[in-house]
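Contents: one structure, followed by commentary.
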Amino acid sequence: MIKTIGLIFLGPPGSGKGTQAQVLAQSLEIAHISTGEILRQAITQNTPLGLKAQIYMDKGELVPDELLLNLIKDRLSQSDAQKGWILDGFPRTVDQACFLEQLLEQLNQFSECVVNLEVPEEVLIQRLLERGRQDDNETTIRRRLQVYHEQTAPVIDYYRQRGNLNSVNGNRPPEQVSTSVKEILTV
Ligand code: AMP
């Protein structure tokens, strides 16, 4: 059986994890799985999932697990994910991290590496204001950062305790960040 490369990208909103995940997934020829992107697509297509998710996303809140967990299960089971994947935006809570651990066991896959992009808060706010996505207005940005500190930051400790956390300084030009991320993978 071919071994699956499983990478998890963590980092606050605006840390550049989406950009980094996309570049790396392309160069490794593995699936880039962004839950935020899947949800935004569902919103554009006006699906029942999109209609429900939008209410939370517009407020900067996390979308409830009952909308997301099956989605991740289905996505990781698809054929293009069998060679490997980068998860971008999932897990965002310790509960989701526990769910993922069990799911990967069921699917006979595992994540070998967790990359955490570190960027100072004032840089994040500036980047998000410049990005101008629908959920990037100042009120929503502040709420998303608060949600990040309350619910997502504990996920860092979860992986640190398991010994597979790698922190990378994300406050540099994207090419330099990519080089650091690739170095981690080749160690
Ligand atoms: P992102 O593109 O990763 O910044 O995600 C945009 C929005 O999608 C977030 O602010 C959440 O509302 C929602 N979202 C994405 N991933 C998750 C997740 N793993 N759990 C809950 N909500 C999520």
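Taking 31 Å as the cut-off for C-alpha to C-alpha distance, list the pairs among 17/73; 59/83; 52/182 that go past it.
Numbers: 17/73 21 Å; 59/83 35 Å; 52/182 37 Å.
Checking Cα-Cα distances, 59/83; 52/182 exceed 31 Å.
Could you tell me the center-to-center distance, by alpha carbons, between segment 87-153 and segment 44-74 in angstrom?
Centre-to-centre distance over Cα atoms comes out at 15 Å.
Rounded to the nearest 20 Debye, what is the dipole magnitude of the chain about its Cα centre when Lys and Arg each give +1 and Asp and Glu each give -1 at the C-beta?
Details: 19 positive and 24 negative charges, 33 e Å.
Around 160 debye, computed over the chain.
Out of the trypsin sites (Lys or Arg not before Pro) in segment 1-73, which ones are loop residues according to DSSP with at most 10 other C-beta atoms within 10 Å?
Those that pass, being in a loop and sparsely packed, are 3.
Every number here is computed from the coordinates shown, using simple stated rules; none is lab data. Treat the numbers as computed from the prediction; the structure is a model and nothing was measured. With ideal geometry, Cβ positions are generated from the backbone for all residues, glycine too; neighbour counts draw on all protein chains shown.
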